[in-house]
Amino acid sequence: MEFNNKKLEKTSKLINYVIAILLCGFLISLSNKLIDDVDQWEEMPTVEQFENHTFIDKKNDEIKKVNTKIQHKQEKRLNIQNTLKIVNNNYANAKRSYDNWLEARKTVGSPNEDKEVLSRANELDEYYKTQQEWREELIIINGEIKKLNQEKNEIEVLIYQENERAYQEREKAIRKYDLKVFLIRLLFILPILLLGIYFIIKFRKHKYWPLFLGYVLFSFYAFFFGLVPYLPSYGGYIRYTVGIILSILFGVYAINKIKAFIEQKKKELKVSTTERAKKVQTETAEKALDNHMCPSCGKDFIVKKWDKSVSNKDKTSTYGVVTNFCRFCGLELFKKCNNCGSENFAHLPFCSNCGDPINEEKAH
Ligand SMILES: [Zn+2]
Ligand SMILES: [Zn+2]
């Protein structure tokens with residue numbers, strides 16, 4: 001005899017789910033760890049891999065040389081600027097003294113002094129010439145520095161172009177790398193998913209189904225969610241396509257299953273009522289009684305107020321009562337006990353009044 005306590009049934013269901021979820025959780029953690037490790041198999045491409053190092057080193061050397069030259073010229077320019085300051089000062093002093101002298105001469109004026117005017121003007125001219133020379137020197141050196149800077153810029157542009165080329169090469173390599181990593185992951189996760197599907201098909205009725213369910217949940221999680229952060233842009237196509245295929249397969253399977261079940265039920269109803277009565281399991285009978293339905297065809301056996309299928313003569317006595325035979329398939333539902341004569345549900349093993357077996361074959 002089956003032990004059929006409802007509370008126990010509920011508890012065991014809960015325990016089954018807990019087992020499934022626990023196993024699923026650990027499997028997910030393990031697979032995440034595994035996927036992380038698998039990723040290390042492939043090195044992420046770096047820019048350095050694609051750079052022409054000899055070229056860049058050479059250009060950097062050139063820049064260094066130009067920089068030394070620029071520094072040298074700048075020092076020289078600073079000297080020139082300092083000298084120029086002195087020269088400017090000298091000229092300004094000489095000019096002032098000449099002007100003062102000329103002013104004084106105008107007032108005290110003497111024609112004999114023309115010679116001296118000339119010599120003094122010449123002296124001032126010398127100062128002026130020196131000043132101009134140094135100015136020119138400054139202009140020249142500024143030009144040289146400008147040219148060197150231009151040279152440096154040109155080299156920098158070359159280095160920049162080389163780097164840019166290396167970046168683009170790397171972008172291409174990363175796309176390849178992503179695809180490779182994704183395929184490696186898919187290689188791991190696809191068999192996991194397929195095995196999960198196989199478990200659903202084969203082991204639904206298995207004693208250890210909760211463990212299988214744990215694995216099945218994990219396999220679906222791994223494919224549809226675990227793979228997501230690693231999917232390159234086109235990965236969505238694979239995920240949705242597999243999802244669509246699975247939905248269709250499950251849909252077809254479920255529809256066929258339901259259809260087959262209905263067909264079988266129809267076939268069963270064609271068999272004689274006594275044959276059918278023998279096939280009713282105690283468990284089914286219990287559920288059927290709870291839900292006041294026929295254990296064979298599943299229809300309600302309580303007569304409703306609006307039900308006209310029962311004779312109209314004695315309405316009051318038929319309201320809310322049950323019928324001894326199913327009105328839809330003819331199965332016997334209630335019968336009298338052979339020992340005490342009280343009414344009993346015909347598909348349970350013992351009489352509710354005296355405990356005598358009412359179903360010989362079920363009461364063992
Ligand atoms: Zn029935
Ligand atoms: Zn009895």
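None of the figures in this text is laboratory data; all of them are computed from the coordinates on show. Just so it is clear, the structure is predicted and the values come from calculations on it, not from any experiment. Please note: Cβ atoms are built from the backbone with ideal geometry, for glycine as well, and neighbour counts cover all protein chains shown.
Below, the figures for the structure above:
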quantity: Packing-based order for 257-268, 328-339, using average beta carbon neighbours within 10 Å, highest first; calculated: 328-339, 257-268
quantity: Of GLY143, ILE155, ILE245, farthest towards positive along the dipole that unit charges on Lys, Arg, Asp, Glu beta carbons give the stretch 114-246; calculated: ILE245
quantity: Three semi-axes of the equivalent ellipsoid, the chain, Cα gyration tensor, whole Å, largest first; calculated: 113, 26, 18
quantity: Of PHE218, GLN281, ILE70, farthest towards positive along the dipole that unit charges on Lys, Arg, Asp, Glu beta carbons give the chain; calculated: GLN281
quantity: Nearest-ten-degree value, helix 209-221 long axis tilted from longest Cα axis of the chain; calculated: 30
quantity: Cα-based helix-to-principal-axis angle, 6-39 vs the chain, degrees rounded to 10; calculated: 30
quantity: Cα long-axis angle, helix 53-108 against the chain (0 to 90 degrees, to the nearest 10); calculated: 40
quantity: Choice from SER29, SER272, SER247 with maximal GNM fluctuation in the chain (Cα, 10 Å cutoff); calculated: SER272
quantity: Student exercise, the chain dipole from Lys, Arg, Asp, Glu Cβ charges, in Debye to nearest 20; calculated: 2780
quantity: GNM result for the chain, Cα springs below 10 Å: residue of LEU217, LEU186, LEU30 fluctuating most strongly; calculated: LEU30
quantity: Lys/Arg +1, Asp/Glu -1 at C-beta; the chain dipole; positive extreme among VAL47, ASN122, LEU348; calculated: LEU348
quantity: Tally of Lys pairs whose C-alpha atoms are under 17 Å apart, taken over the stretch 170-268, 8 or more apart or cross-chain; calculated: 7
